């Protein structure tokens, strides 16, 4: 999940939405973006804010696979929170597209167009991709104990949409979650 936007069960964020000032990570990302700004308006600059990256053999998915393969997977907390995700191929594609297409500039949300998925929907799709059930929730108290301050991101999530990313003309290879997960766990 992008640490830039404030966790919320109800708000929707696009590239023009203001950033949060709610924890260490949101402050860090805000400072990184400010430090990376190039002087002058004649210099084209692109910032990509990525969601949870789904890829083969690493990243977030590697931590989820064992419990799901054992049939012990399920949503985190209530499962109602949004889970902005992107396939690693599309994240690389957005970065390449931004480098090559001179009309692309500003902030792009590196999330899939179908990233308005809830955590419960994500858990169901991952279980289905593995041919396993996905109904055992991870209690909020456990998430808070393990992740501390970062637990709010996992428990409240963010509804992040790639409005500007789509408007630039980028064509996603994995716009839908089930196809992305099928590819990642194959």
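Nothing in this text is a laboratory measurement; each read-out follows from the coordinates by a stated rule. This structure is a prediction, so every number in the text was calculated from the model and none was measured. In this analysis, Cβ positions are derived from the backbone assuming ideal geometry, glycine residues included, and neighbour counts consider all displayed protein chains.
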Counting only residues that are farther than 22 Å from residue 76 by Cα and in contact with a strand residue (DSSP E or B) (Cβ under 6 Å, 6 or more places away or on another chain), how many does region 1-24 have? 1
How many residues does region 59-68 contain that are loosely packed, with under 15 Cβ neighbours inside 10 Å and either in contact with a helix residue (DSSP H, G or I) (Cβ under 8 Å, 6 or more places away or on another chain) or in contact (Cβ under 8 Å) with a residue 40 or more places away in the chain (or both)? 1
Enumeration of residues in region 43-65 that are over 29 Å from residue 102 (Cβ atoms) and part of a loop (DSSP other than H, G, I, E, B): 56, 57
From the list 20, 40, 79, pick out the single residue that is free of Cβ contacts under 8 Å to residues at least 24 places away in the same chain, under 17 Å from the mean Cα position of the chain (by Cα) and in a loop (DSSP other than H, G, I, E, B). 20
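So how many residues does region 115-136 have that are within 19 Å of residue 12 (Cβ to Cβ) and out of contact with any helix residue (DSSP H, G or I) (no Cβ under 6 Å at 6 or more places or on another chain)? Lay out the reasoning, then the answer.
Taking region 115-136 as the starting set, the residues that turn out to be within 19 Å of residue 12 (Cβ to Cβ) are 115-122.
Now narrow it down to the ones that are out of contact with any helix residue (DSSP H, G or I) (no Cβ under 6 Å at 6 or more places or on another chain): 115-116, 118-122.
Residues meeting the conditions: 7.
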Just to be sure I understand, how many residues within region 86-114 are in contact with a helix residue (DSSP H, G or I) (Cβ under 9 Å, 6 or more places away or on another chain), farther than 26 Å from residue 71 by Cβ and assigned to a loop (DSSP other than H, G, I, E, B)? 5
Residue within region 36-58 that is within 22 Å of residue 143 (Cα to Cα) and loosely packed, with under 15 Cβ neighbours inside 10 Å present: yes
Among the candidates 136, 152, 88, which residue alone is closer than 23 Å to residue 20 by Cα and surrounded by fewer than 20 Cβ atoms within 10 Å (Cβ to Cβ)? 152
